[in-house]
Amino acid sequence: MSPLQIVVVIPHQFNLVYSAIGITGVRFTSEDGILLVGDELEILCLPLVGESEFPLGKIILTDLGKRTDLISIDHSLQAIKPPGQEPVYPNYGSTSVECKHESPGNLSSVITGTLEIRILPKTLDGTLDEENSGNPEVTAGSNKKFRCNLVPLDAAESLNGRWKATVWPPGAAVVNELEDGKWVEITPPSAQGYQNQPSSIVVSCNFCTPDADFS
């Protein structure tokens, strides 16, 4: 007679956790997008990989400003490069580049990022009279107006920033923001013009973009 076998079954439920590698975002290899005329640096857009429900797909770069004089897009490398056949960036100015990731067969999983590309002149200086980068002179009683600007004179407008200015001592001159900060003018404190005292006025002009300060 064979021995009796007793089998005890204890029911237990196991939950299988599904973990998939996919795309979690995109990033540019330059955080601020700032370049100099004469630079040859290429800026890439790369996928951020991690646990995600969105499978790896393709990256599409688009120059939103269509500034083919500033940059070109290499779609095979997902890279921002100098324009045309130029070995370096020849011109200064700004444009926005969008990096978009699309997962195959899933249009709802589009992930985008945008980088403002700003190419600065090799030498960048400031001026108040659009002629000299030094300290301008003005006689007492003069009603001459001054304007914060960069040298080269068209650089500020092409870089798409905003101006802020302060005057010391307070009241020695008036700061007027024009076109929502696109320009800043410095004018006399009254119709009588600049006064004898103080003998000098300190004007600080700051040219700023959302992610950089070129003052």
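Read-outs throughout are calculated quantities, based only on the coordinates presented, and are distinct from any laboratory measurement. If you're wondering where the values come from, they're calculated on a predicted model, not measured in any experiment. Heads up, the Cβs are rebuilt from the backbone with ideal geometry, glycines too, and the neighbour counts pull from every protein chain shown.
Of note:
- Normalised contact order of segment 126-208, rounded percent, pairs of Cα under 8 Å and 6 or more residues apart: 34
- Amide H contacts of Asp125 (H built 1.01 Å from N, under 5 Å, at least 5 apart or other chain): Val151
- Calculated SAXS-style log₁₀ I(q)/I(0) at q = 0.14, 0.21, 0.26, 0.27 Å⁻¹ - segment 126-208, Debye, Cα scatterers: -0.45, -0.96, -1.34, -1.41
- In the chain, the DSSP-assigned H stretches of four residues or longer account for a calculated mean residue ellipticity at 222 nm of -500 deg cm²/dmol, using -39500 (n - 2.57) per stretch and the full residue count as denominator.
- Shape descriptor for the chain: Rg over Rh equals 1.35 (Cα atoms; Rh from the Kirkwood inverse mean 1/r).
- For segment 61-129, convex hull of alpha carbons as volume per residue, Å³: 114
- Only lysine pairs 8 or more places apart, or on different chains, with alpha-carbon atoms under 26 angstrom apart are counted in segment 53-145, and they number 8.
- For a paramagnetic label modelled on Val167 (point 7 Å from Cα along Cα→Cβ), amide N atoms under 11 Å away belong, within segment 113-146, to 144-146.
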